[in-house]
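Report on the following structure.
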Amino acid sequence: MNRVNHQPTLQQPLGSGFGHDSTALSVVEAMDLTGCAAIVTGGYSGLGLETVRALASAGVAVSVPARRADHARGVLAAADLGSVDVFELDLGDQGSVKAFAAKYLDSGRRLDILVNNAAIMACPETRVGPGWEAQFATNHLGHFTLANELWPILADGGARVVSLSSTGHKRSGIHFDDPQFTKGYDKWQAYGQAKTANSLFAVELDARGAEHGVRAFAVNPGGIMTGLQRHLTRDEMVAAGWMNKAGKLREGFKTPEQGAATSVWTATSPQLDGKGGVYCEDCDIARPTDPQSELARFSGVDAHAVDAEDAKRLWELSAELTGVNALG
């Protein structure tokens, strides 16, 4: 992860040799990353846990910030992943984010990989902080502040930042006229906005950070059943096309081990040296969405989620809201 000159990266596959069915462990099977350090938000359940498992297996010293720190310690201890440090962090609370970042900086740890994995999805209308919509505040603004507060050590090591988006981005662009949904809340529009924000964050962080050796990527892990669906009924998931009425998942859904593979590949692959600012899926750079494809709802990246002007506009909005901007 050496410092490199910023070269535009095309939104097209590289031919990584991995794919839809690859697992997180298989991605790092031949790697020795001893001496590297990572932070994985939400790294104690679902995709996050499998991301931590794979990184730790390759020798990475992993830190997991968690809203329920004691619960996270218990889960990670039971998973027998070796030495994984747990910190307290509530992404919906800007003060908590800043306190965690300060504690991590004070610890003298390095940081080579930041995986912004934690998220909430399609929750009932919830307000946090100064009245922010919870999905935008937690999934995007919390991670925005985290990366900015950790900027000194991200830049010091020429780190990679992985921002978990999803096909949810296809539901909505950024509601710049009302990002907090004060004029009427729609949980899926709010989720779509948050997932688009995760992708645009990677685009703009990469644009601002590349000259310092920091490269950023957005990731679609694929369809996976985890605790993320806790706010949904079966009828809603049937209506979304994720499963049939008997509960059988749509073909193409992944296991958590497969779902974590793209995050781990993006965080570690030497194939991405000198690249960044792109949206990845199935352990490769994704293609732009083909609107004529039968799979357009489930694969590819829509133009609004990698739009450079919207990425810059969102960064400026996020800096205004949070009062944080290390790369201004």
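Here, each number is a calculation from the coordinates, and none is a lab measurement. Not measured: the values here are computed from a predicted model. Quick reminder, even Gly has a Cβ in these numbers, built from the backbone with ideal geometry, and neighbours come from all protein chains shown.
Lys and Arg at +1, Asp and Glu at -1: add these up for the other residues within a Cβ distance under 10 Å of residue 258 and post the number.
Net of charged neighbours comes to -3.
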q = 0.09, 0.19 Å⁻¹, the stretch 1-134: log10 I(q)/I(0) [Debye, one scatterer per Cα]: -0.33, -1.19
Alpha carbon centre of the stretch 270-328 versus the stretch 61-119: separation in Å? 25 Å
What nm distance separates the two modelled labels at residue 68 and residue 327, each placed 7 Å from Cα along Cα→Cβ? 3.3 nm
Which parts of the stretch 21-47 would a label at residue 295 reach, counting a residue when its backbone N lies under 15 Å from a point 7 Å out along Cα-to-Cβ? 21-22
Using 0.36 nm per residue, how much length does the chain from residue 255 to residue 21 gain when fully extended, once their Cα-Cα distance is taken away? 83.4 nm
Local net charge near residue 171, Cβ-Cβ under 12 Å (Lys/Arg +1, Asp/Glu -1): +2
For the stretch 24-321, take every pair of Cα atoms, bin their distances at 10 Å starting from 0, and report each bin as a whole percent. 7, 30, 39, 21, 4, 0
Grab the other residues whose beta carbon is less than 14 angstrom from that of residue 96, score K and R as +1, D and E as -1, and report the net. 0
Lysine-lysine proximity count for the chain, Cα under 18 Å, sequence distance 8 or more or distinct chains: 4
Considering only 145, 41, 126, give the residue with the highest GNM mean-square fluctuation for the chain, with springs between Cα atoms whenever their separation is below 10 Å. 126
With both partners inside the chain, how many of the DSSP beta bridges are antiparallel, as a percent to the nearest 5? 15 percent
